[in-house]
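What follows is a short report on a single structure.
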Amino acid sequence: MVLIFFAISRLLLLLGSFVAEKTVPYLGFFPYKELLVDYNLPSWISSFANFDGIHYLLIAKQGYSQWEQAFFPLFPALLHVIGFIIPNYLVAALVLSNTALAIGLIFFQKLLKEWKINATLPILFLLAFPTAFFFGIVYTEGVFFMLFILSLYFLQKKNYLLAALFAAFSSATRLIGIFLLVPFFFHFLAEHKGSLKHFNLKAALISPFLGLFSYMFYLWITTKDPLFFFNSQPIFGAHRSTNLILLPQVYYRYIKILVTATHNFQWYMSLLEVSFFTLVFTVLALDLVQRGKQLVKRNKTSTSTTFPLLGLSLFSLINLVLPTLTGTFSSIPRYALFSLSFFIYLSQIQSKVIKWGVLILFITLQIVLLSLFVSGYFVG
């Protein structure tokens, strides 16, 4: 069933991009867009490499240029390797992202089964989410999703070496990978009462940092700044700050924008960003309260799932809130894809009317956002 959902979503992705090219005026205000014609693909396919995608292709082809160190290395490194088999890097990237997504979905289904959760609705909500098209384009979402899920799956199966390996790869793909430490810690709390006598357990707890630290060492060697991945972020816009900005300050900024700014495309994107954050944050808060109650009332039969789900809930909340510390909700609709507890919680809503209403709303918004993205409008 999961592969059927995957195949349908891929067909709709291609169809949506094809129709958008015919119906939405092209904007395309991003660097190096003219290089996409070099890949000799129809524009409705090459547009899957808009914005960050073109940077990943350039890094895969020629290594890092100045400021591109903001993009973590594993995804372009994999593209470079696959490029020996598929010389067209854009095609290689699409094959990589969609293959990784398919693998991730298969193991997500297995993981949910381990947690005694029906996988159908969580996967439907995930694939219907308005920014889920990022899983299948030239972005890191598909690969990170696979690595993230494989880490949790092998953790659940107590294969700690494989869990550690995929966790290390995760933090070499996206910064949020280091916070796999949270579900890892709760697993060990449940299964081993916090004991770390076995070497594999110690290795697994350390592993989420290994990918990041390896990249930081590379940056120190090449730029003399191990935090250059963070310090170069403001160059890519979105008004990100390298200083700590608290959540109330971010809300104040967005309220000011919504009240005073002209109702142009940026205004609507600001409304979308703050709305997405508020919705996902509220659901995750409710989910965390629910998991906390289950922990208090836990018994011997529920401990094996209570702790892992609580760890996932905390990771999901961190994943959502961490990017806002740079002072913006920009890209939050995309980052929310890895707050998996959000999709699990939605799937457990009792009202069929609400569930189907949310699914229809998600699919509608995904069509709109995909159409805008492939037409050169920044939506995340």
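The values are calculated or read from the model by the stated rules, or taken from the named source; none is laboratory data. None of the values given here were measured: they were computed from a predicted structure. Note that we place each Cβ from the backbone using ideal geometry, even for glycine, and neighbour counts take in every protein chain shown. Please note that ligands, DNA and RNA were not included when accessible areas were found on the heavy atoms of the full protein model with its side chains. Shrake-Rupley method; radii C 1.70, N 1.55, O 1.52, S 1.80 Å.
Values as computed for the structure displayed
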quantity	calculated
Residue with peak Gaussian network fluctuation, the chain [Cα springs, cutoff 10 Å], from Tyr251, Tyr215, Tyr89	Tyr251
Span-like helix ranges in the chain, DSSP H, alpha carbon extent 24 angstrom or more, Kyte mean at least -1.0	2-23, 89-114, 199-223, 265-296, 303-321, 352-374
Accessible-area composition of the chain, carbon plus sulfur, in percent [1.4 Å probe]	70
Magnitude of the charge dipole, the range 24-159, Cβ model with Lys/Arg +1 and Asp/Glu -1, debye to 20	620
Hits among lysines - C-alpha to C-alpha of Lys33 under 26 Å, sequence gap 8 or more where chains match	Lys22, Lys61
Sequence-separation-based contact order of the chain, relative, with Cα cut under 8 Å and 6+ spacing, percent	23
Most mobile of Ile349, Ile45, Ile86 in a GNM of the chain (Cα contacts under 10 Å)	Ile349
Gain on full stretching of the segment that runs from Gln62 to Leu27 - 0.36 nm per residue minus C-alpha separation	9.9 nm
Accessible area (Å², per residue) of the range 267-357, counting only protein heavy atoms and a probe of 1.4 Å	41
Choice from Val250, Val37, Val91 showing the highest fluctuation, given a GNM over the chain with Cα pairs closer than 10 Å	Val37
Net charge dipole size for the chain [Lys, Arg +1 and Asp, Glu -1 on Cβ; Debye, nearest 20]	1360
Förster radius 35 Å - calculated FRET efficiency between Val259 and Leu295, Cβ distance, rounded to 0.05	0.30
All aspartates and glutamates inside 16 Å of Lys202 as judged from Cα atoms, apart from same-chain residues fewer than 8 positions distant	Glu191
Cα-based equivalent ellipsoid of the chain: semi-axis lengths in Å, sorted from largest, via gyration tensor	31, 25, 22
Listed residue (Ile54, Gln249, Leu79) projecting farthest to the positive dipole end of the chain, Cβ model	Gln249
Value at 222 nm in deg cm²/dmol, rounded to 500, when DSSP H runs of n ≥ 4 in the chain each add -39,500 (n - 2.57)	-21500 deg cm²/dmol
Global size of the range 1-119 as Cα Rg and Dmax, reported in angstrom	16.6, 49
Gained length - Ser241 relative to Lys116, 0.36 nm times residue gap less alpha-carbon distance	40.8 nm
